[in-house]
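Report on one structure; see the data block that follows.
The values are calculated or read from the model by the stated rules, or taken from the named source; none is laboratory data. Predicted, not measured: the structure shown is a model, and the values here were computed from it. Here the Cβ positions follow ideal geometry from the backbone for every residue, glycine too, while neighbour counts run over all protein chains shown.
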Amino acid sequence: MILKALQTGVFISMAKPGMIIANENKSVMLKELTGNQLRFPPVFPNGGIMTLANSAVNVWSGQNTTVIAINGSYPCPSVVIQKGTQFTANFINQLTEPATIHWHGVSTPELMDGHPKDSIPPGGNYTYTFPVINRGGTYFYHSHADMATAKHVFKGFAGFFIVTDPAESGLGLPTGNFDIPLCIQDRRVADIPQFNYNPAMNDVMNGFLCDAPLINGTPDAYFEVSKTLYRFRLLNGSNARIYKIALSDGRPFHIIATDGGLKDQAVQATSFFLSPGERTEILVDFSSYNLGENVYLKSLQFAAPGSGTYVQGTDMNLLRFDITGSLSSGGIIPAVLPPINYYSISDIKTTRNFVLTMNMGGMNMHLINGLTFEMNRIDWETPLNSLEEWKIVNASNMLHPMHSHSKQFQVYSRNGNTNLAPEDKGWKDTVLINPFETVRLLVKFDDYKGTYLFHCHNLEHEDDGMMLNFNITDPIGINEISNTIPEDFKLFQNYPNPFNPSTKIKFAVPKADFVSLKIYDNSGKEIYSLAGQKLNPGTYSFDWNSADNSGNNVSSGVYFCKLISGNYMETIKMLLVR
Ligand code: C2O
Ligand code: CU
Ligand code: CU
């Protein structure tokens, strides 16, 4: 029932040139159309083996293409997994170089994230396993090997990671054969049938752009549709190309989801930008077309920097929809979608600035804050559970789709404008920063501690070093004193007490759980809060320096500290004497 089209697996089928479109309306002339029926990668059986190897597939009819693929499939097999279940893949690296799998947009523990520092050596294997805690949505997995991500992905190492969510099932969205994942990539016509990857200077600068779109690995793709409503899950799996998605007749459709799943409302649009790494889901209604007609999903021309044979912004037909059937999907455009809690700028704890620059003639051309990626250097620390504002200033005449690992964020403004395009509004993990533009986003890492990446998802830029490491650390103020597992939850009396201006609050956590610590004044007003922090079993201490949540000093008096976790709650009384 979910994504039936994925399961039927029309995989690497042969071309059907000169196909005649069946036509129920005799007055319309029969059209002779060419192309290849849209393919779908097979579905990965959860818990199974993912073997990465060089293999040969038929992308163009009758010709072998050498790819780097998982289980011999280009695109790689699609993961389709329900939220709340455990994902497991036994990865075997049969390449002669290190490799790693990154689950793009998916929250995973550090050692499951596929960071290049955790690459699997040639011939090695590794079990990726983590609970799927993301919202339902269209995610992505791909290579993240050190300075080889672009080559691996170009040669085929990427696939869908689709999270299903029972919360979506009551909404009336099209399902089964009417819920269609579309991975958009581009390859070079001059190199057919190979995916040759040898970037020249200009390709490192602008990204490896090509002129032949492949949809789910299908060249000149067509897809036969019925006169009804469809859900399309668009993933830009290209190294560098940005698409301005539209229908060739300019007809409107509805945008229903961004990178991190459903938006809070369906928004009508006639075009949107989709940069590498981004996903956007749309509902397209074919009911007003006539049988025998066709319409293209295309990329519209747009102005962009760069010159040479391959440039951004070229007009391209991506996928032809042939209207051939009269089935009904029974799907609707939901009037309401599940709400999204938008972060409030008044809760920002830290603002970080990132400046993207171009360094012509340097060893590395694309820089973030003047830096180039270094595997073992941590560029900053972000505490868990703390809302941060990231202000990204693009000081270059280049397009940079910026991506953060570990957690979905929310775009706040573009050049100060908080009235966002529908593809920007919602949960995001990748955001396109146009030349000389400033984008502010809000992010709160509240899942896992560890080292994660922030980088440009133009894969040539990434491999060129446009990537930084950051460490997600213990929440501000809470320090683990001992990891000996205590028997009970306990909140100890603060020390010193009375105090001025700072006092130590100690507590014990017997099992991994969300713990919140709040301080109230004598009138019961909340002064300070460290809310909902997931802590491992152990003993912790927190130094309170008698300031409130906004950092203002509070006056002498009685204060109460309350520790809450599950059914447990304990309070201590503290006295501040200034
Ligand atoms: Cu999709 Cu770090 O990447
Ligand atoms: Cu990622
Ligand atoms: Cu870039």
> Any residue in segment 284-306 that is in contact with a Lys or Arg (Cβ under 7 Å, 6 or more places away or on another chain) and closer than 20 Å to residue 134 by Cβ?
Replying inline: no
>> Quick check on this structure: which one of 229, 297, 283 is in contact (Cβ under 8 Å) with a residue 60 or more places away in the chain and either within 16 Å of ligand 1 (Cβ to nearest atom) or closer than 21 Å to residue 161 by Cα (or both)?
In response: 283
> Looking at 406, 502, which one is on the phi > 0 side of the Ramachandran plot and small (Gly, Ala, Ser)?
Replying inline: 406
> Given segment 117-207, what strands (runs of 3 or more DSSP E) lie entirely inside it while holding 2 or more residues that are out of contact with any Lys or Arg (no Cβ under 6 Å at 6 or more places or on another chain) and among the hydroxyl-bearing types (Ser, Thr, Tyr)?
Replying inline: 125-131, 137-143
>> Based on this model, can you work out whether residue 567 counts as surrounded by fewer than 17 Cβ atoms within 10 Å (Cβ to Cβ), polar (S, T, N, Q) and over 26 Å from residue 347 (Cβ atoms)?
In response: yes
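Here's the yes/no breakdown for (1) more than 16 Å from ligand 3 (Cβ to nearest atom); (2) under 30 Å from residue 352 (Cβ atoms); (3) without any contact (Cβ under 8 Å) to a residue 24 or more places away in the chain; (4) not in a loop (DSSP other than H, G, I, E, B):
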site: 439; (1), (2), (3), (4): no, yes, no, yes
site: 442; (1), (2), (3), (4): yes, yes, no, yes
site: 454; (1), (2), (3), (4): no, yes, no, yes
site: 465; (1), (2), (3), (4): no, yes, no, no
site: 481; (1), (2), (3), (4): yes, yes, no, yes
site: 484; (1), (2), (3), (4): yes, no, no, no
site: 487; (1), (2), (3), (4): yes, no, yes, no
site: 506; (1), (2), (3), (4): yes, no, no, yes
> Which condition number does residue 500 fail, the rest of (1) under 19 Å from the mean Cα position of the chain (by Cα); (2) away from ligand 3 (no atom under 16 Å from the Cβ); (3) among the polar types (S, T, N, Q) being met?
Replying inline: (1)
>> Between 133, 101, which is loosely packed, with under 14 Cβ neighbours inside 10 Å, within 16 Å of ligand 2 (Cβ to nearest atom) and of a type outside the set (Asp, Glu)?
In response: 133
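I want to confirm something. Restricting to segment 111-128 and keeping residues that are within 13 Å of ligand 2 (Cβ to nearest atom) and not aliphatic (A, V, I, L, M), which single residue is farthest from the chain's Cα centre (by Cα)?
Checking each candidate, the answer is 116.
How many residues does segment 449-461 contain that are more than 10 Å from ligand 2 (Cβ to nearest atom) and not polar (S, T, N, Q)?
6
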> Across segment 43-57, what is the number of residues that are assigned to a loop (DSSP other than H, G, I, E, B) and surrounded by 18 or more Cβ atoms within 10 Å (Cβ to Cβ)?
Replying inline: 1
> Taking only pairs six or more apart or across chains, which ones have beta-carbon atoms under 8 Å, a first residue in segment 418-434 that is more than 12 Å from residue 274 (Cα to Cα) and within 16 Å of ligand 2 (Cβ to nearest atom), and a second residue that is small (Gly, Ala, Ser) and not in a loop (DSSP other than H, G, I, E, B)?
Replying inline: 427/137; 427/261; 429/404
> Looking only at segment 404-417, which residues are more than 16 Å from ligand 2 (Cβ to nearest atom) and small (Gly, Ala, Ser)?
Replying inline: 413, 416
> Would you pick out the residues in segment 95-116 that are in a strand (DSSP E or B), within 13 Å of ligand 1 (Cβ to nearest atom) and not β-branched (Val, Ile, Thr)?
Replying inline: 102, 103, 104
> Is it fair to say residue 411 is of a type outside the set (Lys, Arg), within 16 Å of ligand 1 (Cβ to nearest atom) and surrounded by 15 or more Cβ atoms within 10 Å (Cβ to Cβ)?
Replying inline: no
> Using beta carbons and a limit of 7 Å, which pairs, at least six apart or on different chains, have the first residue in segment 399-416 and within 11 Å of residue 457 (Cβ to Cβ) and the second one away from ligand 2 (no atom under 15 Å from the Cβ) and in a loop (DSSP other than H, G, I, E, B)?
Replying inline: 399/242; 399/304; 399/312; 399/434; 399/435
> Mind checking whether some residue in segment 392-408 is at pLDDT below 95, of a type in the set (Ser, Thr, Tyr), over 30 Å from residue 201 (Cβ atoms) and away from ligand 3 (no atom under 16 Å from the Cβ)?
Replying inline: no
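Looking at 458, 497, 469, can you tell me which residue is in contact (Cβ under 8 Å) with a residue 12 or more places away in the chain and more than 16 Å from ligand 1 (Cβ to nearest atom)?
Sole residue among the options that is in contact (Cβ under 8 Å) with a residue 12 or more places away in the chain and more than 16 Å from ligand 1 (Cβ to nearest atom): 497.
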> Would you pick out the residues in segment 171-193 that are surrounded by 17 or more Cβ atoms within 10 Å (Cβ to Cβ) and either without any contact (Cβ under 8 Å) to a residue 12 or more places away in the chain or charged (D, E, K, R) (or both)?
Replying inline: 179, 186, 187, 188
>> Looking only at segment 345-386, count every residue that is part of a loop (DSSP other than H, G, I, E, B), in contact (Cβ under 8 Å) with a residue 12 or more places away in the chain and not charged (D, E, K, R) and tell me the total.
In response: 13
>> Looking only at segment 257-282, filter to residues that are over 16 Å from residue 458 (Cα atoms) and among the hydrophobic types (A, V, I, L, M, F, W, C); which one of those is nearest to ligand 3 (Cβ to nearest atom)?
In response: 272
> Considering 322, 315, which residue is under 30 Å from residue 221 (Cβ atoms), touching a Phe, Trp or Tyr at 6+ places or on another chain (Cβ under 8 Å), at pLDDT 95 or above and among the acidic types (Asp, Glu)?
Replying inline: 322
>> Please go through segment 358-381 and give me each residue that is away from ligand 2 (no atom under 16 Å from the Cβ) and buried (at least 19 other Cβ atoms within 10 Å of the Cβ), ordered by number.
In response: 365, 366, 367
